[in-house]
Amino acid sequence: MNSAVERVHISHVEMKEIVKTFPGVMACNHIDFDIRSGEVHSLLGENGAGKSTLMKMLYGMLRPDGGEILLDGRRAVFHSPADAISAGIGMIHQHFMLVPTMTVAQNVALGQPSSRGFMLDLDVVSDKIRKLSAEYGLRVNPDDLVSYLSVGEQQRVEIIKALYLGASIIILDEPTAVLTPQEVDDLFVVLRNLVAEGHGLVFISHKLHEVTTLSTRVSVLRDGHFMGTRDASCLDRDELVRMMVGRELKEITPRGYSGGAERLKVRDLHVQGDRGTEVVCGVTIDLHAGEILGIAGVAGNGQRELAEALIGVRVPTSGTILLEDADITTAKLNNRINAGMAMIPEERMQDGAIKDFSVQENVFLHDHSDPEFSAGIFLRFKKMEAHARRLIQDFKVKTPNLDTPIRNLSGGNIQKVIMARELSRKPSVLIASQPTRGVDIGASEYIRERLLLQRDNGTAVLLISEDLDELFSLSDRIAVMYEGRIMGLFNREDTDVQTLGFLMAGLDPKGESLVGPGCE
Amino acid sequence: MRDIFSFNVLAGVLQTMLSLATPFLFAAVGETFSQLSGVVNLGVDGIMLLSAFFAFYTVLLTGNIWLGLLVAIIVGLLMGLLMSVVSVTFKAQQGISGIGLQILGLGLSSLLFKVLVGTVRTVSGFRRMRIPLLADIPFLGPILFNNTVLVYAAFLLVPVSWFILERTTLGLKIKAVGQNPSAADSVGISVNGIRYLSVCIGSALAGVAGASISISISNLFQDNITAGQGFIAVALVYFGGWSPIGVMGGALLFSFATSAQIWLQVLGVDIPASLAVMIPYILTIVVLTVSVNRGKQPAALNKQFFRGEN
Ligand SMILES: Nc1ncnc2c1ncn2[C@@H]1O[C@H](COP(=O)(O)OP(=O)(O)OP(=O)(O)O)[C@@H](O)[C@H]1O
Ligand SMILES: [Mg+2]
């Protein structure tokens, strides 16, 4: 093992009868879980099932109210992450734990005694990072400032940190939720290397296909209860879903499409990205009332900037946007919202919620001036509360009550609150970016149903997603975006996954390269 | 008017500036440690007052200036401990607990002074220490190298602090705790431990700042002798962009303005005294408004840390 610190190698960690309660919720209700070196033990469960809570207890961030943790048969009590680290346990959190104003090397050095005592030894740390990164295929540059790294790179830094701290058991809490499909493939290569080297991994994900390809064993939690463990050899997708959700999922059936009137007309739109280069290069699309137009593409091909330009948080460099024949190219965000546009942003945690506000306050971020909920300068709290309560039920948001600060909800439940807010309005145009990312399968199903409902009620929906299955089951038409351009636009019946996959990679269906990179 | 711009006057202005800068340097560099770890300690002025009194009183009783300095440091540490218990362990609002500390220091020092001393008395504090050879350099020598130990120590503190913050593991931990306490916690650093340490370093240095006023600069104690210098020190931390070097720049600018103002009055230049006294403060406000670079502010400044949140 090429870690910076040699620790006793633990080969079996057991959690027995673990109990944890928060005000109003029993997050873990007598849960058994164990992990051996050389295996991937996956943890499945809906949003708020207690996965993160269970793992935070294994990492010493939370104290169990009951139950015990055994390391190779010996009882251990973790008072803080420091104890878990010295026992050889590492964790990569659902929300990264990096100091953005520091370099990669500084972040890695943080948890470790220096080889020079009181003095920093960043050169030594950097060398070791380079070694680790070569050994496991984790591409990172020790001198880069963390705030300039992509999420994929930040995650590699987190893995290096865990390895550097000498972890033999590594917990990965939804590591793939923020990655592009390509980055997921790279990550899996790294994870397989780690397992081959004898590390034990706990893997949390909402994507069943990831869990089935990677795992040795799979355990399922539901509402804080342990539902059972299955070996990889006898995994049955439907059974896992039943254990997780408690029911079968409905197949979404394609419905007939009769394109309505044109709602949104985009003509030759050019948009610059954060780095000042053009990332949307002459996009022309028409969005009709009562249709879902899917935009397929690997993240980073201009979809985010396109969505931002349409909703009005990014100014296009040229081109026009017409909403029902009114030119809104330069209209303010507020005016667009009042004109009936709505958006589910990609960075929901950052752009969609105010963390210290309660669940109810977050539901009413926009609509507090709606006459239904306000009379003059006064708010009609009874009505607001009833409305919020209904949404929380419909979207199955797990929260003790409406006054809970939203930061206390599980990651996926925060997302659901934002979805509930945006989908409950009656927009004429809805732009949805990656609406089901990080959301459990039960809720994904519900969100998809809501999107279809919006469409049936005549909303024009633009659905940006990397998930081809999702696009195929929802969209009436699908466009592929690559390097800022629309590579093709198809009716759903006239195309297939393979064709789209090629176009997403910038290849024509015979595998020939179509365009060079970037706008000219 | 003829003498105002002579070399002698300039030398006087500069030397006064160095000695006036001393309490600012100790207090503001100390506050930099505290704030980099995420704790705004608004009680600096109160700590300075109480330490100034105890340093003065110790010297009055024993005549031992080093003992006076030591007592000032201990008083500072105790006040720092109090601040930490209230705002780190019990997670009270930092602004409120800092103001509480200030009121405590102001009230207690006045009370003790009235009860134990009563009238204005002077002590013989730190003397100027001439550094041989260096002090013989023409013009600059006597200004820079003929000062009290505390002046030398204050200026030495700047590079030492810079070194600790930029080159040691402790400095890295302090900054990590102030930028992202959850991240620091997740790699096993004790967030509260680092905050206690940083606040106590800051408060001990505020104690030295207090001593530098009562047993090095003025050699006496009176009610509210700091006249708000502790608050200026807090402002200097923002001015200096949370770096000891920046803080030194601010301390020099402010004490230069004060020193120039004093010398103008000494020389009998005809400006209203009350206006002159205001100049340094107005300068601080103006410079603060134009210069503060919030980008450098520790992201977790003034925020309590709770483990295990999303
Ligand atoms: N600090 C906290 N205070 C109060 N309640 C909490 C806290 N942390 C978690 N909870 C609650 O405990 C339950 C389990 O949350 P947890 O984060 O473990 O879910 P999860 O399975 O990781 O879900 P997700 O897939 O959405 O990340 C949720 O109902 C959540 O609201
Ligand atoms: Mg979670």
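Taking A:VAL189 as the residue in question, decide whether it is within 14 Å of chain B (Cβ to nearest Cβ) and modelled with pLDDT of 90 or more. Criteria not met by A:VAL189.
Taking A:ARG389 as the residue in question, decide whether it is farther than 30 Å from A:GLY484 by Cβ and more than 16 Å from ligand 1 (Cβ to nearest atom). Spelling it out, A:ARG389 is indeed farther than 30 Å from A:GLY484 by Cβ and more than 16 Å from ligand 1 (Cβ to nearest atom). Within region B:171-196, the set of residues being touching a residue at least 12 places away in the same chain (Cβ under 8 Å) and facing chain A (nearest Cβ under 8 Å) comprises B:LYS173, B:LYS175, B:ALA176, B:GLN179, B:ASN180, B:SER182, B:ASP185, B:ILE189. If you check A:GLY38 against the conditions, is it crowded, with 23+ Cβ neighbours inside 10 Å and either closer than 29 Å to A:VAL157 by Cβ or within 11 Å of chain B (Cβ to nearest Cβ) (or both)? Criteria not met by A:GLY38.
When A:SER133 is tested against (1) surrounded by fewer than 20 Cβ atoms within 10 Å (Cβ to Cβ); (2) in contact with a helix residue (DSSP H, G or I) (Cβ under 7 Å, 6 or more places away or on another chain), just one condition goes unmet, and that condition is (1).
Is it true that A:PHE96 is more than 7 Å from chain B (Cβ to nearest Cβ), under 16 Å from A:GLN154 (Cα atoms) and surrounded by fewer than 23 Cβ atoms within 10 Å (Cβ to Cβ)? Yes: the conditions hold for A:PHE96. Scanning region A:156-191 for residues that are within 16 Å of ligand 2 (Cβ to nearest atom) and within 16 Å of A:THR101 (Cα to Cα) yields a single hit, A:GLU158. Take the residues in region A:41-76 that are away from ligand 2 (no atom under 13 Å from the Cβ) and at positive phi, then tell me which one is surrounded by the fewest Cβ atoms within 10 Å (Cβ to Cβ). If we take residues in region A:41-76 being away from ligand 2 (no atom under 13 Å from the Cβ) and at positive phi, then A:GLY73 is surrounded by the fewest Cβ atoms within 10 Å (Cβ to Cβ).
Matching residues to (1) small (Gly, Ala, Ser); (2) within 21 Å of B:LEU197 (Cβ to Cβ); (3) free of Cβ contacts under 8 Å to residues at least 24 places away in the same chain; (4) touching a Leu at 6+ places or on another chain (Cβ under 6 Å):
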| site | (1), (2), (3), (4) |
| --- | --- |
| B:GLY68 | yes, no, no, no |
| B:VAL88 | no, yes, no, no |
| B:ALA92 | yes, yes, yes, no |
| B:ILE96 | no, no, yes, no |
| B:GLN102 | no, no, no, no |
| B:LYS114 | no, no, yes, no |
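One residue stands out in region A:402-430 among those that are more than 14 Å from every other protein chain (Cβ to nearest Cβ) and small (Gly, Ala, Ser): the one that is nearest to ligand 1 (Cβ to nearest atom), namely A:ALA420. Only a single criterion out of (1) β-branched (Val, Ile, Thr); (2) closer than 24 Å to B:PHE155 by Cβ; (3) buried (at least 21 other Cβ atoms within 10 Å of the Cβ) is not satisfied by B:ILE262, namely (3).
Scanning region A:199-240 for residues that are over 17 Å from A:LYS51 (Cβ atoms) and assigned to a loop (DSSP other than H, G, I, E, B) yields a count of 4.
Which of the helices (runs of 4 or more DSSP H) found entirely inside region B:1-99 contain at least 1 residues meeting this: in contact with a strand residue (DSSP E or B) (Cβ under 9 Å, 6 or more places away or on another chain)?
On the way: elements: B:7-36, B:44-62, B:65-84.
So the answer is B:7-36, B:44-62.
Among the residues of region B:131-170, those identified as hydroxyl-bearing (Ser, Thr, Tyr), more than 14 Å from chain A (Cβ to nearest Cβ) and in a helix (DSSP H, G or I) are B:TYR152, B:SER161.
Could you tell me whether any residue of region A:459-469 is of a type outside the set (S, T, N, Q) and either free of Cβ contacts under 8 Å to residues at least 40 places away in the same chain or within 16 Å of ligand 1 (Cβ to nearest atom) (or both)?
Restricting attention to region A:459-469, the residues satisfying the condition of being of a type outside the set (S, T, N, Q) are A:460-464, A:466-469.
If we keep only those that are either free of Cβ contacts under 8 Å to residues at least 40 places away in the same chain or within 16 Å of ligand 1 (Cβ to nearest atom) (or both) too, we end up with A:467, A:469.
Scanning region A:459-469, I find at least one residue that is of a type outside the set (S, T, N, Q) and either free of Cβ contacts under 8 Å to residues at least 40 places away in the same chain or within 16 Å of ligand 1 (Cβ to nearest atom) (or both), so the answer is yes.
Taken over region A:48-86, the criterion of being within 30 Å of A:ASN401 (Cα to Cα), assigned to a loop (DSSP other than H, G, I, E, B) and away from chain B (no Cβ under 14 Å) is satisfied by A:ALA49 alone. The test for being touching a Gly at 6+ places or on another chain (Cβ under 6 Å) and within 14 Å of chain A (Cβ to nearest Cβ) does not hold for B:VAL199.
Got a sec? Which of A:ILE414, A:ILE406, A:ILE431 is among the aliphatic types (A, V, I, L, M) and away from ligand 2 (no atom under 16 Å from the Cβ)? Talk me through it step by step, then tell me what you get.
Values: A:ILE414 fails: away from ligand 2 (no atom under 16 Å from the Cβ); A:ILE406 fails: away from ligand 2 (no atom under 16 Å from the Cβ).
Exactly one residue qualifies, and that residue is A:ILE431.
Taking region A:377-436, which residues are among the hydroxyl-bearing types (Ser, Thr, Tyr), buried (at least 21 other Cβ atoms within 10 Å of the Cβ) and part of a loop (DSSP other than H, G, I, E, B)? Talk me through it step by step, then tell me what you get.
Taking region A:377-436 as the starting set, the residues that turn out to be among the hydroxyl-bearing types (Ser, Thr, Tyr) are A:399, A:404, A:410, A:424, A:428, A:433, A:436.
If we keep only those that are buried (at least 21 other Cβ atoms within 10 Å of the Cβ) as well, we get A:399, A:410, A:433, A:436.
Selection gives A:THR399, A:SER410, A:THR436.
A:ARG116 meets each of the listed conditions (1) more than 10 Å from chain B (Cβ to nearest Cβ); (2) more than 16 Å from ligand 2 (Cβ to nearest atom); (3) of a type in the set (D, E, K, R) apart from (1).
The values are calculated or read from the model by the stated rules, or taken from the named source; none is laboratory data. Given the structure is predicted, the values throughout are model-derived calculations rather than measurements. Virtual Cβ from ideal backbone geometry, glycine too; neighbours counted across all protein chains shown.
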